Amino acid sequence: MRTIVVGAGEVGFDVAHLLALEQHDVTVIDVENDVLQRVREKLDVLTIQGNGTSAMVLEEAGIRDADMLIAVTAIDEVNLIACMMADRLGVPTTVARTRSDELARTHSVLEAEDFGIDVVIHPEESAAAEVSRLIQRAGATDLLTFCDGHLNLVGMRLDKEAPVVGEKLRDVVVNHPKIDFRVQAIVRGLHTVLPGGDEVLRANDQVFVLTRPKYVTPVARMMGKGDISMKNVMILGGSRVGAGVADRLSNHGGMRIKLIEPNKETAERLAERLTDVLVLQGDPTDMDLLVREGLGEMDACVAVADDEESNLVACLMAKHLGVYKTVGLLSKVAYIPISQAIGLDAAVSKKLAVSREIRRYLRGKHVLSVATVHGLDAEVLEIKAEKGSKATKKALRDLDVPRGIIISAVEHSDRTEIATGDTHIQPGDTAIVFVLPQNVDAAEKLFGA
């Protein structure tokens, strides 16, 4: 597949890297030679210095032969115009990053289709939504939804006091017959384990459990995460992510939210907009200020400033003061496992939000969504079984499923079930499948006609 990426900043670099790993022919366009130089040094892709809205530059990049254009510059207008031109020149799929949510609004004056855009990506909105979900689920390090919200994938780190530590997975299942769940993966150190029934759970394991929403709390209790009510939340940073988190949590009800923003004008604007949030102007890295404002009495601290080092430090300070849950926004994905090792409960990355969206369009048409969790060396596919596919021929216990592929759950026309050996996938059903990277093609073939 031939793909053009407009914008070579952090997000553009990450997208180009992902596409290159997927064996795409990639051309990256940017007006700045300095950022292109980093792309040339690190990635096996073509680069062109120029404006992504220029017809001449797009022609030089081979726009008429491209299968996809992804515009991820820092300027919304550039992304919109680049996609509009690509659509007019016959590019089948266009993807645009935008900071404004205007194109996603229902009954908006202008919609994405008016610009020839197939996919609109909002990294800040996606990050804010993820942080909000994590705050509402106190014991979770990760929380993803599948099958229109009928299933959750919950990540939790096991403390040494957790009651399931030292138990085999099959015994955990037997001892909790009223909870419908399945442990799909374990991150142990730097390794990902797709466990069998004899796998023994260890302290500091990060376990990923697939379950229904109503069982998330019982699963958390089972894993040693008590019932913590998130009533008091401090948000450090009034960025788009911080404002989005404050807005979502204030609508959730019952939470007292305090937001600290260093810029006076931004703080005043947020105070007018977020009427149920106490907005203060101040330095979110000022320890004395945070203590005076009651950080130690908070149930959760969310650090979402633009400086990720400040976010790390703020979360560590909060943990030192006894805050139950800390969530930090990080731009460097490589920092995420390190941050959790030194004390953060959860970390969120805008880059991961972008790559999750784009991965969906790198897969076959029957792949409905692709989820990735940093540190978990596996993809989670939401994939539709086509008529005549191998996956529909037999019950799972009799199906020849390649190693490195786990069929976790199936959404039938009338119900959703956690998969067992007796589960029989029907044409049109949607399956949740855990796949090691080298087995993605095999998984697609299993469900394709």
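The values are calculated or read from the model by the stated rules, or taken from the named source; none is laboratory data. If you're wondering where the values come from, they're calculated on a predicted model, not measured in any experiment. Heads up, the Cβs are rebuilt from the backbone with ideal geometry, glycines too, and the neighbour counts pull from every protein chain shown.
Remarks
- Residues of region 317-361 satisfying the condition of being modelled with pLDDT of 70 or more, surrounded by fewer than 17 Cβ atoms within 10 Å (Cβ to Cβ) and not in a loop (DSSP other than H, G, I, E, B): His320, Ile338
- Where strands (runs of 3 or more DSSP E) fall entirely within region 1-103, those with at least 3 residues that are over 25 Å from the mean Cα position of the chain (by Cα) are at 25-30, 46-49.
- Selection status of Ser413, touching a strand residue (DSSP E or B) at 6+ places or on another chain (Cβ under 8 Å) and either buried (at least 18 other Cβ atoms within 10 Å of the Cβ) or not hydrophobic (A, V, I, L, M, F, W, C) (or both): no
- Within region 226-236, one or more residues are more than 24 Å from the chain's Cα centre (by Cα), surrounded by 15 or more Cβ atoms within 10 Å (Cβ to Cβ), closer than 29 Å to His122 by Cα and not hydrophobic (A, V, I, L, M, F, W, C).
- Hey, Val209 assigned to a strand (DSSP E or B) and touching a residue at least 40 places away in the same chain (Cβ under 8 Å) or not: yes
- Qualifying position, being over 30 Å from Lys178 (Cβ atoms), exposed (fewer than 15 other Cβ atoms within 10 Å of the Cβ), aliphatic (A, V, I, L, M) and free of Cβ contacts under 8 Å to residues at least 60 places away in the same chain, among Val291, Val279: Val291
- Candidate set: region 362-391, residues that are under 17 Å from Pro437 (Cβ atoms) and part of a loop (DSSP other than H, G, I, E, B); chosen: the one modelled with the lowest pLDDT: Gly364
Yes or no, residue by residue, for (1) touching a strand residue (DSSP E or B) at 6+ places or on another chain (Cβ under 8 Å); (2) buried (at least 24 other Cβ atoms within 10 Å of the Cβ); (3) aliphatic (A, V, I, L, M); (4) closer than 29 Å to Ser239 by Cα:
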position: Thr3; (1), (2), (3), (4): yes, yes, no, no
position: His24; (1), (2), (3), (4): yes, no, no, no
position: Thr27; (1), (2), (3), (4): yes, no, no, no
position: Val35; (1), (2), (3), (4): no, no, yes, yes
position: Thr47; (1), (2), (3), (4): yes, no, no, no
position: Ala71; (1), (2), (3), (4): yes, yes, yes, yes
position: Glu77; (1), (2), (3), (4): no, no, no, yes
position: Thr94; (1), (2), (3), (4): yes, yes, no, yes
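- Scanning region 422-444 for residues that are farther than 22 Å from Thr145 by Cβ and modelled with pLDDT of 90 or more, we see that the one that is farthest from the chain's Cα centre (by Cα) is Asp422.
- Residues that are polar (S, T, N, Q) and either at pLDDT below 95 or not assigned by TED's automatic domain parsing to the domain that holds Ala300 (or both) within region 267-282 comprise just one, Thr275.
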